[in-house]
Amino acid sequence: MGMRIGPLIAPSILSANFMKLSEELDFLKSAGADLVHVDVMDGRFTSNITIGLPVVEALRRETPLTIDCHLMIMEPLKYAVDFVKAGADWVSIHQEADPHLHRTIASLKNAGAKAGIALNPSTPVEALTDILDDLDFVLVMSVNPGFSGQAFIARSLDKVRRLDLLRQQRGASFLIQVDGGIDATNAHSLAEAGADCLVAGNAVFKSPNPAGAVHNIKVAMAEGRK
């Protein structure tokens with residue numbers, strides 16, 4: 001395992017003002033965000049429907065930031081490469097939604113994206129043992145997917161530790177991303193446990209000082225790594 005990258009922050013635009021997405025993207029760049037996290041939900045894998053390919057295409061035209069699409073959808077192989085074509089740089093699919101993870105991950109990489117697998121709170125990290133070497137990142141869900149603004153599930157910290165241990169044992173270089181209920185109060189312990197990239201929605205966009213929120217999360221992560 002080489003030098004750890006980051007710490008990275010990926011604000012989730014699901015919490016942004018959709019009437020002002022262009023301005024929100026400009027704000028994220030100036031505030032020091034590293035990625036733009038895009039929550040794609042199909043109403044089947046999750047009980048919510050959010051955004052799809054046209055919004056990703058629009059985001060790509062408006063920002064130089066890395067676009068990170070989290071596909072909370074059934075049959076991700078059908079659509080994953082379309083998201084890369086639309087402008088996504090990182091794409092994660094759910095372990096629980098795809099019986100052919102290896103094939104979908106390979107198709108994402110062949111399309112030029114960084115490929116990741118997301119895990120629901122009840123799915124153990126050990127479910128990825130046989131595909132870890134193929135992944136660019138693993139997304140640990142610290143809430144049940146479907147809605148923004150949920151409370152962080154404390155047990156997720158242990159999952160991050162176990163995943164970091166697997167990474168060290170394998171000499172692997174995949175990044176660990178965590179999404180759900182993230183703010184400056186848990187960013188320190190998550191980074192300490194091994195997280196490289198944190199997704200934050202309401203903690204950034206619903207904050208009275210969004211730029212300060214981005215800064216505080218990154219500072220907490222940096223301190224957690226020491």
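In region 8-225, Cα pairs under 8 Å separated by at least six residues give a relative contact order of 19 percent. Residues 29, 78, ranked from the fewest to the most other C-beta atoms within 10 Å, line up as 78, 29.
Fewest-first ordering of 19, 72 by other beta carbons within 10 Å of each residue's beta carbon gives 19, 72. Checking the Cα-Cα distances for 29/226; 159/206; 206/226; 78/114; 114/159; 114/206 against a 24 Å cut-off, the pairs over it are 29/226; 159/206; 206/226; 114/206. Taking only the Cα atoms of the chain, the ratio Rg/Rh comes out at 0.93, with Rh defined as the Kirkwood radius. Among 36, 91, 55, the residue with the largest mean-square fluctuation in a Gaussian network model of the chain, with springs joining Cα atoms closer than 10 Å, is 55. Where is the GNM fluctuation largest for the chain (alpha-carbon springs, 10 angstrom cutoff): 43, 181, 116? Answer for the Gaussian network model of the chain: 43. Which FRET efficiency value, to the nearest 0.05, is calculated for residue 155 and residue 133 with the Förster distance at 30 angstrom and r the Cβ-Cβ distance? In this case the efficiency is close to 0.70. With K and R counted +1 and D and E -1, the other residues having a Cβ less than 13 Å from that of residue 64 yield a net charge of -1. With the simple spin-label model, which puts each label point 7 Å out from Cα in the Cβ direction, the residue 55 to residue 173 separation comes to 3.3 nm. Exposure proxy for 37, 188, 100: other Cβ atoms within 10 Å of each Cβ, ordered fewest to most, give 100, 188, 37. Listed by chain and number, the aspartates and glutamates whose alpha-carbon sits under 12 Å from that of residue 20, ignoring those within fewer than 8 places in the same chain, are 62.
Anyone know which of 177, 150, 168 comes out most mobile in the 10 Å Cα GNM of the chain? Result for the chain, Cα springs under 10 Å: 168 fluctuates most. The slack between residue 223 and residue 106, meaning 0.36 nm per residue of separation minus the straight C-alpha distance, is 38.6 nm.
Throughout, read-outs are computed from the coordinates displayed, never taken from laboratory work. Predicted, not measured: the structure shown is a model, and the values here were computed from it. For neighbour counting, all protein chains shown are included, and Cβ atoms are generated from backbone atoms with ideal geometry for every residue, glycine included.
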